[in-house]
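None of the figures in this text is laboratory data; all of them are computed from the coordinates on show. Worth saying up front: this structure is predicted, and the values here are computed from it rather than measured. Glycine also receives a Cβ, built like all others from the backbone with ideal geometry; neighbour counts cover every protein chain displayed.
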Amino acid sequence: MKILIVDDMAAWREFHKNILEELFIELDKTDYSIDLANYAREGLDKIYENSANPYDLIITDLQMEDEFSPKYAGEWLVEQIQNMPAYRKSRIIISSGTYNIKAIAENYNVEYMPKRIACSDINGYKEFLKG
């Protein structure tokens, strides 16, 4: 499984990565890779670079660089991914502390995990790995 985590906070990138790595160990899986990006634009660069072998799972924050206003940077990134044929089968998960995360995720027809839930329940991550 090939995963990309996009978040402007290093602590959150590492949090997601560590949880996923622990779950892969628990599941006795070694065929995975996890890439990290600090911002939406960097995430998109990695997505383009890997379009021949696309990411299976992309976890993105919403609130990163503010140059995409009135949209969140994560919304912009999701739109870019959804317009790429190579990524039509990739799962996209928004993980954010934003109060309207559910509405935004539903608008883009992607999954979501509020960061407050991510901190307390790893079952959501297990669901992401099932797909």
Inset, instruction - Subtract the Cα-Cα distance of ASN18 and ASN50 from 0.36 nm times their separation in residues, and report this length gain in nm to one decimal. - result: 9.3 nm
Legend entry - Three-way shape call for segment 71-126 based on the alpha-carbon gyration tensor, with the a/c threshold at 1.5: oblate
Inset, instruction - Could you work out how far apart the two model spin labels at ARG116 and ASP28 are, taking each label as a point 7 Å from the Cα in the direction of the beta carbon, and quote it in nm? - result: 3.9
Legend entry - GLU111 long-range amide H proximity, modeled H, under 5 Å: ILE92, ILE94
Legend entry - Cα-centre dipole for segment 1-126 with unit charges at Cβ (Lys and Arg positive, Asp and Glu negative), debye to 20: 340
Inset, instruction - Before anything else, pin down the relative contact order of the chain: Cα pairs under 8 Å, at least 6 apart, normalised by residue count, whole percent. - result: 23
Legend entry - DSSP-loop trypsin sites (Lys or Arg not before Pro) across segment 1-49, with at most 16 other Cβ within 10 angstrom: LYS29
Legend entry - Using θ = phi - 60° and Karplus 6.51 cos²θ - 1.76 cosθ + 1.60, couplings along segment 66-72 (whole Hz; Gly, Pro as x): 9, 6, 9, 3, x, 7, 6
Inset, instruction - Name the residue farthest towards the positive end of the dipole of segment 2-130 from the options THR98, ALA86, ILE25, assuming +1 on Cβ of Lys and Arg, -1 on Cβ of Asp and Glu, about the Cα centre. - result: ALA86
Inset, instruction - Set the Förster distance to 41 Å, then compute FRET efficiency between ASN83 and LYS126 from the Cβ-Cβ distance, nearest 0.05. - result: 0.90
